[in-house]
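The values are calculated or read from the model by the stated rules, or taken from the named source; none is laboratory data. Note that the coordinates shown come from a computational prediction; the quantities given were computed from them, not determined experimentally. Heads up, the Cβs are rebuilt from the backbone with ideal geometry, glycines too, and the neighbour counts pull from every protein chain shown. These area figures cover heavy atoms from the full protein model, side chains too; ligands, DNA and RNA do not enter into them. Shrake-Rupley method; radii C 1.70, N 1.55, O 1.52, S 1.80 Å.
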Amino acid sequence: MVSTTRRNVVFFVLPALHGGGAERVTLALLRAFQDSYDWHPILVLTTNRKGLLDDQIPENTEVIRLDASSGRRAIPKLLKLIRSFEPDIVFASLDHVNATLGIIQPLFSSKTSLVLRATSFRSLKSNLMRVLLSWSFRRANMVVFQSEQMRLSMVRMLRLPKEHANTVVPNPLDRSKIQSLAATDLDPEAVEFWGLNQFESCKRLSSPKLVAAGGVYWAKGFDLLVDAIRILGREDIRVAILGQGEQEEEIRRKIEDAGLQNQIRMFGFQRNPYAWFARADGFVLSSRVEGFPNVVLEALACGCPVIGTPMPGLEGLQGCRLSSDISAEALSKVIGSFLSAPHSSETETSLAPFDVSAVQKHYEMIFNSLVSKGS
């Protein structure tokens, strides 16, 4: 039974709680909106898939499960729910969900506004998805981008009208939750791999411990990371890769072919990557494509400095050192530079704009403005 205790309702729509950045952002916003006086957040999960982050749904969150066998089969149920309940805002943050909601938006009640958060450039490799997202963004009442660089690029690539309603809202960072999880015990397998004698942080660049995390697919560039370590030629480095995805076997073979089995190890999806970040000497971002890499903020929140490729929103961010371009050679150079002269994470100054409470207030202002226009 859907609660009607709050005047304004926002649906946060996801297929399932997989372990990606969009899902983590949604969970952070759900936690933040629990304390909102004006807005009642409801999580809508459209499929019956078990999610890796199911156990992280904030306590007291209202959840509607449509239990469809796939996202496509969920569309009639989702449309029926939106039309019958008439939420004030429908919010989505995954490209294929954004496209779906854009297609069915003309069937919404005039009371319901659609807010879409652009996630990454990965889907724009598909001409079909580019057309669908352009169409969906034009129909949305507001499109949210994660950085100004991302906004300008996507507006140009999708040929959105200059007058279209869009804005920039940084990714939310729940530092207190992240730092609490970072303080927990590290996986014993990681302790052995990194040569730690105890679970407490033991940072020492004489035997550098690096970590990388994300979905294991082309856009994340883990093949570039393997090549960068090979080019660097230092046998003392230990790199832990956290994540799962379609390229796992390919990356494992690449590690073996390079003879780096003792230096680079894949640990799969980790429910709590923050314990790893807190013990690492540095976090490596090897991405080819990103909207804005939220994992960088999470690493910095754990006191872990970042070395990476030049992705949107990272230039000038304290605690980050970026390569000159997106290549294994450039990444190798910046890793080598960091190991020779490490920098600090400098979290207080760099992370303040991303604080989850500030980001939640920004979203609440957007939602309020759309409700007032429709009233």
Practice task
Output the residues belonging to segment 2-28 that are touching a His at 6+ places or on another chain (Cβ under 8 Å), over 20 Å from Ala99 (Cα atoms) and open to solvent by less than 40 Å² (accessible area, probe 1.4 Å).
Solution key: Ser3, Asn8, Val9
Fill in the blank from the handout: Filtering segment 327-340 down to residues that are within 19 Å of Leu300 (Cβ to Cβ) and open to solvent by 50 Å² or more (accessible area, probe 1.4 Å) yields Ser337
Completion exercise
All conditions in (1) more than 25 Å from Lys125 (Cβ to Cβ); (2) under 24 Å from the mean Cα position of the chain (by Cα); (3) open to solvent by 30 Å² or more (accessible area, probe 1.4 Å); (4) free of Cβ contacts under 8 Å to residues at least 60 places away in the same chain are true of Arg31 except (4)
Handout entry: Check on Leu132, surrounded by 21 or more Cβ atoms within 10 Å (Cβ to Cβ), within 23 Å of the chain's Cα centre (by Cα) and not hydroxyl-bearing (Ser, Thr, Tyr)
Key = no
Practice task
State all residues of segment 263-299 that are in contact with a Pro (Cβ under 9 Å, 6 or more places away or on another chain), over 20 Å from Glu148 (Cβ atoms) and of a type in the set (Phe, Trp, Tyr); if no residue qualifies, say none.
Solution key: Phe283
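Scan the strands (runs of 3 or more DSSP E) fully inside segment 170-284 and keep the ones with 3 or more residues being surrounded by fewer than 22 Cβ atoms within 10 Å (Cβ to Cβ).
Strands (runs of 3 or more DSSP E) meeting the threshold: 264-268.
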Exercise for the section: Report the residue count in segment 306-325 for those that are open to solvent by 50 Å² or more (accessible area, probe 1.4 Å), more than 23 Å from Val168 (Cβ to Cβ) and in a loop (DSSP other than H, G, I, E, B). Expected result: 2
Practice task
Return a yes/no flag: does segment 50-69 have any residue that is within 22 Å of the chain's Cα centre (by Cα), closer than 25 Å to Ser134 by Cβ and open to solvent by less than 40 Å² (accessible area, probe 1.4 Å).
Solution key: no
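May I ask you to say which residue of Asp38, Asp88 is closer than 28 Å to Leu160 by Cβ, acidic (Asp, Glu), in contact (Cβ under 8 Å) with a residue 40 or more places away in the chain and open to solvent by 10 Å² or more (accessible area, probe 1.4 Å)?
Sole residue among the options that is closer than 28 Å to Leu160 by Cβ, acidic (Asp, Glu), in contact (Cβ under 8 Å) with a residue 40 or more places away in the chain and open to solvent by 10 Å² or more (accessible area, probe 1.4 Å): Asp88.
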Practice task
Return a yes/no flag: does segment 342-349 have any residue that is open to solvent by less than 50 Å² (accessible area, probe 1.4 Å) and either modelled with pLDDT of 95 or more or within 22 Å of Ser207 (Cα to Cα) (or both).
Solution key: yes
Problem - Verdict on Val97 being among the β-branched types (Val, Ile, Thr), within 19 Å of the chain's Cα centre (by Cα) and open to solvent by 10 Å² or more (accessible area, probe 1.4 Å) - result: yes
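Kindly indicate whether any position in segment 113-124 is assigned to a helix (DSSP H, G or I), modelled with pLDDT of 90 or more and open to solvent by 20 Å² or more (accessible area, probe 1.4 Å).
Within segment 113-124, none of the residues are assigned to a helix (DSSP H, G or I), modelled with pLDDT of 90 or more and open to solvent by 20 Å² or more (accessible area, probe 1.4 Å).
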